[in-house]
1. Quick one: Cα convex hull volume of the chain, Å³ per residue?
2. Remind me, what semi-axes does segment 153-245 give for its equivalent ellipsoid, largest first in whole Å, using sqrt of 5 times each Cα gyration tensor eigenvalue?
3. Assuming a viscosity of 0.692 mPa s and a temperature of 37 °C, what translational diffusion coefficient in µm² per second does Stokes-Einstein assign to segment 136-191, Rh being the Kirkwood radius over Cα pairs?
4. For the modelled label position 7 Å from the Cα of residue 140 along Cα-to-Cβ, which residues of segment 164-186 have backbone nitrogen atoms closer than 18 Å?
5. Over the chain, what is the mean sequence separation of C-alpha contacts under 8 Å (at least six apart), divided by residue count, expressed as relative contact order in percent?
6. Tell me the Kirkwood radius of segment 99-197: reciprocal of the mean inverse pair distance over distinct alpha-carbon atoms, in Å.
7. I need the Kirkwood Rh of segment 22-165: take the reciprocal of the average 1/r across all distinct C-alpha pairs and report it in angstrom.
8. How many angstrom separate the Cα center of segment 130-198 from the Cα center of segment 91-108?
């Protein structure tokens, strides 16, 4: 009986893998680069076994005259990698949301929210925050469509850096994402997004080790052209790691 079960499992496995569309050369190179980057940022096991992460993200918006025009402070907690709690104040209202991996609950000024528009907006806030913070781990998302762009030189504010580049697209989205990895260390040094004709290049000015992962510390978002040449700063971000209460 056990032998029959083994052969049945083997047959199903062969059928499954024979139906999987083989990757092309650029996809193979993209996955290989992502795997090296994940190792450089602490390894996938550190991400999957994440426990009690708490950080504060401070976002500062800058105008054309390099003046601060707005700021936002968010507190995010991750009891596990699948759970997210976010708290912030916007328009003098205190917002809280918690996603447990399947369901979202939310409060505004202490009142439980049931409006689907509000809940959808807060879910998007959580998804966006997680997508940004947990790189390059999130690039292993099975829905990501990857294309290896090869080697190039990225002109940053203080130096030219040799990098490897990826183009990343997602179903049902017109945005185009680009990720740049240090040619030697394979760490993520920047990413860019083309959104509604506007290109933004976000540079990792510094990274920090926390919970056995190399994560964001200081980042600057620049308006750029399609050649990823910096035009002007438009936002700054500071990530402060905190102890879980």
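1. Cα convex hull per residue, to the nearest whole number: 183 Å³.
2. 23, 16, 15
3. Estimated via Stokes-Einstein, D reaches 274 µm²/s.
4. Only 186 pass the distance filter.
5. 19 percent
6. Result for segment 99-197 stands at 15.9 Å.
7. The Cα-based Kirkwood calculation yields 18.0 Å.
8. After rounding, the separation between the Cα centres reads 29 Å.
None of the figures in this text is laboratory data; all of them are computed from the coordinates on show. Computed from a predicted model, the values in this text were never measured in an experiment. Note that each Cβ is placed from the backbone with ideal geometry, even for glycine, and that neighbours are counted across all protein chains shown.
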